[in-house]
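To start, the structure under review is shown below, and the notes come after it.
The values are calculated or read from the model by the stated rules, or taken from the named source; none is laboratory data. Owing to the predicted nature of the structure, the values given are computational and were not obtained by experimental measurement. Reconstructed Cβ throughout: ideal geometry from the backbone, glycine too, with neighbour counts over all protein chains shown. For accessibility, only protein heavy atoms count, side chains too; no ligands or nucleic acids. Shrake-Rupley method; radii C 1.70, N 1.55, O 1.52, S 1.80 Å.
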Amino acid sequence: MEKTGLIFFPAFDWAISPTHPEREERLLYTRDQIFEEGIIDHPKIMEYKPRLAEETDIQRVHFCVPDVKSQTTTAHLISAGSTLKLADALMNGEIHNGFALVRPPGHHAMRVVHGNRGFCNINNEAILVEYLRRKYKIKKVAIVDTDVHHGDGTQDIFYHDPDVLFISFHQDGRTLYPGSGFVEEAGGPGAYLTTINIPLPPGTGDKGLLKVWREIIKPALEAFQPEIIINSAGQDNHFTDPLANMKVSAQGYAQLTAELKPHLAVLEGGYAIETALPYVNLGILLALAQEDFSWVKEPGCHSGQLAQSQEVDRYVDKIIHYWQSKLAGKRPDKEQLFGPDKKYVRQRSIYYDTDQIYEQQTETVEYCPDCQGLYTVSSQAAKHSGKNYKIWGLSIPYHACPSCVQKGYDLWEKRIGLFGYHIFYLQDKSRDVYLTRK
Amino acid sequence: MLIGIDVGGTFTDGVLLDNFTVKEWVKVRTEEDLTRSIQEVLNYLLEHIAPETIERLVLSTTLITNLLAQKKYEPAGLLLLPGPGTNPHHLSLPGEFVILKGAIDYRGRVIEPVDLKEVEEAAGYLLSRGLKRIIVACKFSQRNNTLEKQVVRHLQHKYPDLKVKASFETSGLLNWVRRINATYYTLAVEEACHHFLSHVSHTLEQIGLKCPVYIMKADGGTIPLDLSRKYPLEAIFSGPAASTLGGLACTSPDITSVVMDMGGTTTDLALVLKGKPLLSSKGAAIAGFPTPVRALAVASLPIGGDTPLVVNNRQLAFGQRKGPALCLGGPELTLTDILVYLGYSSLGQKETIAPFVHDLADRLELSPRETAERALDLLISLLEEALTHMCKTWEEEPAYRVWQVMADKGTRPRTLICLGGPAEGIGQLWAKKREWQVIVPSYAKIANAIGAALACTTLNLDFVADTENLVFYTSIGGKQGTLERPLRTLDEARAFALSLLKEMKGDWQSHELERVEPLYAEGFNIVREWRTRGKIYQIGLQTPPGILGTVKEV
């Protein structure tokens, strides 16, 4: 029998603060609903005990400032570790898919971590992807982010990675945090069109969601041929979510899950803790287990109130048309995209809403005809504590060519100790070596 | 003085303890009428003792287990009020069911009313199917029992002859499927259990025993005889619980060990961690249907001293019991015979067994000694596999809190306590092959009765309070109520929960409140629109399974 793995980690003893949306109560009613259903005893569902992620698992993804320990609580390590435990169960054939119903979430955490952004410190899905690559030699992974907020952290981490297809649909960044995720953000020059953003207007319902899935996401996945599909299973597109304005129901989420068939789903946001989460989580779990979810209905919910307007219909059609023609068109040449300097440079400032931090950073990616190329970042942020860190990080990609590896280490030797920086990071994914110098 | 009686499938064992010393013990064959075996044991134990000197009697019986295994009960129909969630038509339940309107949500709010006309029709249908008993189960009835009560009242009014039972009385824990199953089986055995207990009371009266009488529970605790009429399922699988406690009582009170009880046809393995028998995380299953009944985590293997050796595809294997061991006059070569053959047991003569071992060896093209050793290796590896699985299940028990994930589960046991007939031989063998410390108590053959005699009362309370809605609910008898004042802090909630436990203490005749330990205690802020509206508290309290003391070895 094909089994669905479940790690349920509601972290009943962890909160950002007592009244914060990320508080102990968040998954309480979900626990009640799922346990009362008796679904835990279902022969198709295997419940696993969470485990902790190790420091290396996090260093494979992040430059944590000043170190991993100060950016993570035990709950973060358990949340990330739970996805890894399910990955092991998936890869050794115990389960055919799995659901990490865990908190705290992670999809707003970017490569450089100065603090908490959008309730996230470390990126659970990114840690999972790097673990799958390192331990199981998985080459191509797709992440489909179904949270109402743009998965800007995950996008940032894999922006230059042609082996990770990142697709996010979300409420348009002009109307919602984090204010990004527009169609123009389509991946770096070496990974162009492996980032697909689908901003949707407020008021989009099940109909629009499923249409976007069937007409953009599904064909994109079919073209990319990932070995593993990961779902960032945020649930705040729900019509009752207090932090967003969409009209999706538990049925919509369950139907999407049934068609997407992710190998691993990881809970992200969703803060309608009574009216949405118990039902959406149950719907996703049943869909993963290929069980009937037609009885999962929010009390007092009438289909009429969830109909999306014609204006939304038109907008959805427009964005579908945009992506269909974009993905059908000829892909521009990588060398051309890098431009005459053969180097990608991006300067930006990043706001950490939870921790009130402004980060200034400059990233570069070197053009290499044989691999993804070297990535560097220089970043500075003043913390509310008054401590100001300036860091420099170098990332050697997983499939780096020998010459880029050599170039990377030469660069590392040259840069460490450079005046004005507090911490230097070397992230060599090709050899699984992670160094920090202060 | 204390008496413990364990009514097993083949034998009924009894023991009389005086200040933790075995004063008398007896083993008789279990008769069809269990009360007669109990009477026989008591007559023997009390031959030279005045009944007034007995302070306590604990009975462990297979009655309920047997009734259920032999399906000696009338089936019941089920009226289900599922509300939103999984498709109820796909549920696998022990009886025929009808789905009705009416729903409660996770906070005990009615989200859909009952349709009494529909209830009547459904009951009419079940009656037409020849069913005379009906279970009413609503999801989240442990948080609000009004819908179940409404349906039950209506049915009793409409069909006075019908036996109806609501699920909220059976369990207050989350998991309605387990609650449905437990309610079904409670109704199934209620009458027979009542009948048996009355019979036992009558017998004890005749003998002149006036001391408190308890029934052993699956979790290793005890329940007063009168109260057990209300919770008949608590008595299932009490046999393994009795022997686990017996193993503990015959050794030391803070031991970490595996208790192995090997009988003729089965072997039970139980874990004892620092003197506490490990409880199964989810509850016992009856005929494959899971229930919320708390039980010790016991692994039962269908292998025992009478298990014969057979050849399967040219490989040595274990067969089905045909009778006792050869050396005891049985028809086939069994594990007990192999123990004798290799010198681990003195139950019989090696010479009488040898020809049979040779014959088996020929069929396997091995030497007789190799054959015998291979049989025991097979046994050891099966036992070890079951043990490893059990330890792993315990270590990998799901955890929902940071502290639970971080909790140190300690090291796996390296001590084996052997009980039952072939215990001594198996013990020697295990000690030799696995380098464990092996203990074979001198009372190994009646340890189950000793365990019953010395079992503590266990009480377990799961308490939930919702201060926004001013309600509370418990796991005991479906007790629900209104909070007269909001509990402001976790300490206040804890004190309230403890007061509820104290109320129960009277019914349970427990004198052990000092043994109450917290299982979990947490408070959740209910925050809506950035305002704290109240708190939800979850508190678990228990007096854990354990023993009154250890018996003195002879």
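Results for (1) more than 30 Å from residue A:422 (Cβ to Cβ); (2) open to solvent by less than 10 Å² (accessible area, probe 1.4 Å); (3) in a helix (DSSP H, G or I); (4) modelled with pLDDT of 95 or more, shown as yes or no for each residue.
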residue	(1), (2), (3), (4)
A:28	yes, yes, yes, yes
A:34	yes, yes, yes, yes
A:43	yes, no, no, no
A:70	no, no, yes, no
A:81	no, yes, yes, yes
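Residue count for the stretch B:317-342, restricted to those that are free of Cβ contacts under 8 Å to residues at least 40 places away in the same chain, in contact with a helix residue (DSSP H, G or I) (Cβ under 9 Å, 6 or more places away or on another chain) and open to solvent by 40 Å² or more (accessible area, probe 1.4 Å): 2. Look through the stretch B:479-524, keep the residues that are of a type in the set (S, T, N, Q) and under 20 Å from residue B:108 (Cα atoms), and return whichever of them is modelled with the highest pLDDT. So the residue we want is B:482. When the stretch B:288-316 is filtered for residues that are open to solvent by 30 Å² or more (accessible area, probe 1.4 Å), of a type in the set (Val, Ile, Thr) and under 18 Å from the mean Cα position of the chain (by Cα), only B:298 remains.
Conditions (1) closer than 24 Å to residue A:219 by Cα; (2) out of contact with any Pro (no Cβ under 7 Å at 6 or more places or on another chain); (3) assigned to a helix (DSSP H, G or I), marked per residue:
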site	(1), (2), (3)
A:287	yes, yes, yes
A:293	no, yes, no
A:297	no, no, no
A:304	no, yes, yes
A:314	yes, yes, yes
A:323	yes, yes, yes
A:326	yes, yes, yes
A:332	yes, yes, no
A:337	no, no, yes
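The number of residues in the stretch B:465-506 being surrounded by 15 or more Cβ atoms within 10 Å (Cβ to Cβ), among the β-branched types (Val, Ile, Thr) and free of Cβ contacts under 8 Å to residues at least 40 places away in the same chain comes to 0.
For every residue, the table says whether it meets (1) away from chain A (no Cβ under 14 Å); (2) modelled with pLDDT of 90 or more; (3) part of a loop (DSSP other than H, G, I, E, B).
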{"residue": "B:268", "(1), (2), (3)": "yes, yes, no"}
{"residue": "B:272", "(1), (2), (3)": "yes, yes, no"}
{"residue": "B:282", "(1), (2), (3)": "no, no, yes"}
{"residue": "B:294", "(1), (2), (3)": "yes, yes, yes"}
{"residue": "B:299", "(1), (2), (3)": "yes, yes, no"}
{"residue": "B:304", "(1), (2), (3)": "yes, yes, yes"}
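The set of residues in the stretch B:264-281 that are over 18 Å from the mean Cα position of the chain (by Cα) and at negative phi comprises B:264, B:265.
In a strand (DSSP E or B), away from chain B (no Cβ under 14 Å), open to solvent by 60 Å² or more (accessible area, probe 1.4 Å) and at pLDDT 95 or above, is that true of residue A:360?
yes
Before we move on, is residue B:239 crowded, with 20+ Cβ neighbours inside 10 Å, touching a residue at least 40 places away in the same chain (Cβ under 8 Å) and in a loop (DSSP other than H, G, I, E, B)?
Taking the combined requirement at face value, the residue does not satisfy it.
Scanning the stretch B:388-424 for residues that are buried (at least 19 other Cβ atoms within 10 Å of the Cβ), away from chain A (no Cβ under 14 Å) and part of a helix (DSSP H, G or I) yields B:390, B:423, B:424.
Scanning the stretch A:260-272 for residues that are within 14 Å of chain B (Cβ to nearest Cβ) and open to solvent by 10 Å² or more (accessible area, probe 1.4 Å) turns up just one, A:271. Looking at residue B:131, is it open to solvent by less than 60 Å² (accessible area, probe 1.4 Å) and part of a loop (DSSP other than H, G, I, E, B)? When the stated conditions are applied, residue B:131 passes them.
Listed conditions (1) in a loop (DSSP other than H, G, I, E, B); (2) open to solvent by less than 50 Å² (accessible area, probe 1.4 Å); (3) more than 10 Å from every other protein chain (Cβ to nearest Cβ) are all met by residue B:72, apart from (2).
If I filter the stretch B:516-554 down to residues being aromatic (Phe, Trp, Tyr) and open to solvent by less than 70 Å² (accessible area, probe 1.4 Å), which single residue comes out as nearest to residue B:466 (Cα to Cα)?
Going through the stretch B:516-554, the residues aromatic (Phe, Trp, Tyr) turn out to be B:520, B:524, B:530, B:537.
So of that shortlist, the ones also open to solvent by less than 70 Å² (accessible area, probe 1.4 Å) come out as B:520, B:524, B:537.
Values: B:520: 17, B:524: 9, B:537: 7 Å.
Result: B:537.
Of the numbered criteria (1) touching a strand residue (DSSP E or B) at 6+ places or on another chain (Cβ under 8 Å); (2) open to solvent by 20 Å² or more (accessible area, probe 1.4 Å); (3) closer than 30 Å to residue B:176 by Cβ, the one residue B:285 fails is (1). Put simply, of B:322, B:230 the only residue that is assigned to a loop (DSSP other than H, G, I, E, B) and within 22 Å of residue B:215 (Cβ to Cβ) is B:230. Taking the listed residues B:223, B:215, B:180, the one that is within 14 Å of another protein chain (Cβ to nearest Cβ), buried (at least 24 other Cβ atoms within 10 Å of the Cβ) and not in a loop (DSSP other than H, G, I, E, B) is B:180, with no other qualifying. Out of everything in the stretch A:283-312 that is in contact (Cβ under 8 Å) with a residue 60 or more places away in the chain and surrounded by fewer than 17 Cβ atoms within 10 Å (Cβ to Cβ), what residue ends up being nearest to the other protein chains (Cβ to nearest Cβ)? Applying the filter and picking the extreme gives A:290.
Condition check: farther than 30 Å from residue A:286 by Cα and part of a helix (DSSP H, G or I). Does residue B:12 satisfy that? Against the criterion (farther than 30 Å from residue A:286 by Cα and part of a helix (DSSP H, G or I)), residue B:12 does not qualify.
Is there a residue in the stretch A:228-235 that is of a type in the set (Val, Ile, Thr) and within 14 Å of another protein chain (Cβ to nearest Cβ)? No, because not a single residue in the stretch A:228-235 is of a type in the set (Val, Ile, Thr) and within 14 Å of another protein chain (Cβ to nearest Cβ). If you filter the stretch A:24-38 down to residues that are under 15 Å from residue A:102 (Cβ atoms) and not aliphatic (A, V, I, L, M), you find that the one that is nearest to the other protein chains (Cβ to nearest Cβ) is A:24.
Residue A:402 passes every criterion in (1) farther than 25 Å from residue A:190 by Cα; (2) open to solvent by 10 Å² or more (accessible area, probe 1.4 Å) apart from (1).
Criterion applied to B:58, B:15, B:98 was being modelled with pLDDT of 95 or more, open to solvent by 10 Å² or more (accessible area, probe 1.4 Å) and of a type in the set (A, V, I, L, M, F, W, C), and the one residue passing it is B:98. Would you mind telling me which numbered condition in (1) more than 12 Å from every other protein chain (Cβ to nearest Cβ); (2) more than 29 Å from the chain's Cα centre (by Cα) residue B:103 fails? For residue B:103, the exception is condition (1).
It is to be established whether one or more residues within the stretch B:529-537 are part of a loop (DSSP other than H, G, I, E, B), more than 14 Å from chain A (Cβ to nearest Cβ) and under 22 Å from residue A:15 (Cβ atoms). No, that holds for no residue. Filtered by the rule that a residue be within 21 Å of the chain's Cα centre (by Cα), more than 9 Å from chain B (Cβ to nearest Cβ) and closer than 21 Å to residue B:530 by Cβ, the stretch A:1-23 gives A:16, A:22.
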